[in-house]
Amino acid sequence: MRVLVVQNFDKAELGQVGDALAEAGAEIDIRKAHLGDPLPADASEHDALVVLGGGQNALADEEFPYIPSILSLMRDFEAKDRAVLGICLGGQLLARAFGGENLIGTSPEFGWRQISRTDAAADDAVLGVLPETFLAFQVHDDTFTLPKGAVHLCTTPATRNQAFRVGRAAYGFQFHFEADLPLVRQWNAAFPELMLKHRPDWFDSFDDEAAAHSRQADEAGLALARAWVATI
């Protein structure tokens with residue numbers, strides 16, 4: 001199993017998705033596209049595609065001219081029935097790749113938040129492993145509309161479209177289920193200004209919030225990661 005991973009930002013890493021891929025014995029091919037690593041032309045040399053998050057928005061083609069290549073790769077992997085996973089920016093790009101609209105700066109969310117499954121998620125191969133509500137970490141300002149024909153899988157009061165599926169196994173997530181407590185701590189150290197922008201009291205309240213929420217969120221995130229890897 002060979003998995004292409006597109007990283008769009010420093011410290012925006014695989015987290016628990018990497019743990020699940022390692023459990024499955026996957027070979028991981030990481031391309032740091034934001035640093036100039038070339039992307040393959042198509043899906044022919046990989047069994048699955050992961051596109052991670054980033055500080056840029058999903059319409060920033062001028063600043064990040066590789067974005068259209070990601071969109072093309074997503075469509076090619078899905079057309080070949082190979083699993084796709086987009087997280088945060090990656091989920092926004094998946095929506096764009098299949099005709100959804102990106103809405104910039106309209107839907108800020110931050111911290112551990114409760115996510116609700118839709119009715120359609122109960123029988124889904126990935127979301128079906130979780131209860132009707134669960135916790136996950138959020139850090140985003142943007143959102144998207146669902147592509148035509150996509151299956152709506154998760155929602156929150158602040159952001160309707162939290163997860164969706166295109167075809168059999170192309171999944172887009174707005175929330176950071178990959179971000180376990182160690183990765184969130186890494187983001188605290190790497191991006192303190194971003195965290196404080198979203199929550200001025202974040203570092204004062206972090207230990208209490210982590211104690212209250214991180215264990216449940218980490219368990220849900222690893223279950224999701226393993227379920228997605230199983231679709232490969």
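Every number in this text was worked out from the coordinates using simple rules, so none of it is lab data. Worth saying up front: this structure is predicted, and the values here are computed from it rather than measured. Note that we place each Cβ from the backbone using ideal geometry, even for glycine, and neighbour counts take in every protein chain shown.
Residue by residue, here is whether (1) over 17 Å from the mean Cα position of the chain (by Cα); (2) buried (at least 18 other Cβ atoms within 10 Å of the Cβ); (3) of a type outside the set (Gly, Ala, Ser); (4) farther than 21 Å from residue 161 by Cα holds:
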{"position": "59", "(1), (2), (3), (4)": "no, no, yes, no"}
{"position": "73", "(1), (2), (3), (4)": "no, yes, yes, yes"}
{"position": "79", "(1), (2), (3), (4)": "yes, no, no, yes"}
{"position": "97", "(1), (2), (3), (4)": "no, yes, no, no"}
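Within segment 163-175, residues that are closer than 17 Å to residue 226 by Cβ sit with their Cβ atoms under 6 Å from residues that are of a type in the set (D, E, K, R), at 6+ positions apart or across chains, in these pairs: 171/165. Tell me, please, whether a residue that is aliphatic (A, V, I, L, M), free of Cβ contacts under 8 Å to residues at least 12 places away in the same chain, touching a helix residue (DSSP H, G or I) at 6+ places or on another chain (Cβ under 7 Å) and outside any strand (DSSP E or B) can be found in segment 16-28. No, segment 16-28 contains no residue that is aliphatic (A, V, I, L, M), free of Cβ contacts under 8 Å to residues at least 12 places away in the same chain, touching a helix residue (DSSP H, G or I) at 6+ places or on another chain (Cβ under 7 Å) and outside any strand (DSSP E or B).
Residues in segment 45-70 that are more than 18 Å from residue 171 (Cα to Cα) and either in contact with a Phe, Trp or Tyr (Cβ under 6 Å, 6 or more places away or on another chain) or part of a loop (DSSP other than H, G, I, E, B) (or both): 45, 55, 56, 57, 59, 60, 61, 62, 63, 64, 65, 66. Scanning segment 44-60 for any residue that is within 28 Å of residue 218 (Cβ to Cβ) and polar (S, T, N, Q) turns up at least one such residue.
From the list 29, 42, 61, pick out the single residue that is of a type outside the set (Val, Ile, Thr) and over 19 Å from residue 82 (Cα atoms).
Values: 29 fails: over 19 Å from residue 82 (Cα atoms); 42 fails: over 19 Å from residue 82 (Cα atoms).
The unique qualifying residue is 61.
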